[in-house]
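The values are calculated or read from the model by the stated rules, or taken from the named source; none is laboratory data. Owing to the predicted nature of the structure, the values given are computational and were not obtained by experimental measurement. Every residue, glycine as well, gets a Cβ built from its backbone with ideal geometry; the counts of neighbours run over all protein chains shown.
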Amino acid sequence: MLVHGFPFHSGMWSEQIGPLRKIGRVILVDLLGFGASAMNGATPATLTMDQQADAVAAALDYLKVREPATYVGFSMGGYVGWSFVRRHRARVDSLIMCNTRALADTPDAAQARRDMANSVEGKGHKLVIDALLPRLVSPRTLSQRPDVCARVVDLIEEAQLAAIAGAQRGMAERPDSTQLACELDLPVLAIVGEHDAISKREELEALTGRMRDATLAVIPDAGHMTVFENTTATNRALGEFINELR
């Protein structure tokens, strides 16, 4: 079950779908307000992680998926994953957290999210691209890999501005999930880019070191967008972890 990051949609997993389908069934989820779940402009002002987690559960109900699944969450999808585990624990048998965090935002970071939310509908996608792109990819990718940068920009431009605003407000109010992570009784893989400026390697090393059954995969030559910047290493980490569970 692949759950995308902010402000993308399930199309961000395009390089992972094929390899993962060789292992088992793959379920792609568009979170509320994004992709095929765009809700036609009826997006609420705040899209909380709990609302998104319940929407993921509803998608599983719609697909008549009863057995527990491997939850794979990228960035915001990881934040939703913590809520999903809290609220729908029986539906998860393992967890892959890609380029995400357990910590809540600092007050300054939360305010920056609210500031973007309050400005984006007036200033448009350029505000989001200018603020996020230098943090989403490594400096090398930013300067030398225009193809990757273009893919990220295209995904951002496909997002509804109201959904961007609602998701930012929802992420700003998410709780700290560190204690939950440390108490989890299921296998966890954490993936982080070597040069990730958002979900930092040192932070994930400290977290996984405290968890009961966690493995950390550091993806070389990648920033936050590991799924694009080093597809081979990312797919290898996903495949090896899932195959070990079988």
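Considering only residues that are part of a strand (DSSP E or B) and hydrophobic (A, V, I, L, M, F, W, C), which ones fall in the range 210-244? Please lay out each step first, then the result.
Restricting attention to the range 210-244, the residues satisfying the condition of being part of a strand (DSSP E or B) are 214-219.
The answer is ALA214, LEU216, ALA217, VAL218, ILE219.
Within the range 220-236, restricting attention to residues that are surrounded by 24 or more Cβ atoms within 10 Å (Cβ to Cβ) and closer than 16 Å to GLU202 by Cα, which residue is farthest from the chain's Cα centre (by Cα)?
Looking only at the range 220-236, we keep the residues that are surrounded by 24 or more Cβ atoms within 10 Å (Cβ to Cβ), and these are 222-227, 229, 234.
Keeping just the survivors that are closer than 16 Å to GLU202 by Cα gives 222-224.
Values: ALA222: 16, GLY223: 14, HIS224: 10 Å.
Among those that are surrounded by 24 or more Cβ atoms within 10 Å (Cβ to Cβ) and closer than 16 Å to GLU202 by Cα, it is ALA222.
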Residues located in the range 181-200, provided they are more than 13 Å from the chain's Cα centre (by Cα) and either free of Cβ contacts under 8 Å to residues at least 24 places away in the same chain or part of a loop (DSSP other than H, G, I, E, B) (or both): LEU184, ASP185, LEU186, PRO187, GLU194, HIS195, ASP196, ALA197, LYS200
Quick one: in the range 20-56, which of the residues that are exposed (fewer than 15 other Cβ atoms within 10 Å of the Cβ) and in a loop (DSSP other than H, G, I, E, B) is modelled with the lowest pLDDT? ALA42
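Residue-wise test of (1) in a strand (DSSP E or B); (2) in contact (Cβ under 8 Å) with a residue 60 or more places away in the chain; (3) in contact with a His (Cβ under 7 Å, 6 or more places away or on another chain); (4) surrounded by 14 or more Cβ atoms within 10 Å (Cβ to Cβ).
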| site | (1), (2), (3), (4) |
| --- | --- |
| ARG86 | no, yes, no, yes |
| LEU95 | yes, yes, no, yes |
| ALA104 | no, yes, no, yes |
| MET116 | no, no, no, yes |
| VAL120 | no, no, no, yes |
| ILE156 | no, yes, yes, yes |
| ALA165 | no, yes, no, yes |
| GLN179 | no, no, no, no |
Failed item in (1) within 28 Å of PRO220 (Cβ to Cβ); (2) surrounded by 22 or more Cβ atoms within 10 Å (Cβ to Cβ); (3) of a type in the set (Val, Ile, Thr); (4) in contact with a Leu (Cβ under 8 Å, 6 or more places away or on another chain), with THR100 passing the rest: (4)
Just to be sure before I move on: is PRO146 surrounded by fewer than 19 Cβ atoms within 10 Å (Cβ to Cβ) and in contact with a helix residue (DSSP H, G or I) (Cβ under 9 Å, 6 or more places away or on another chain) in the structure I sent? no
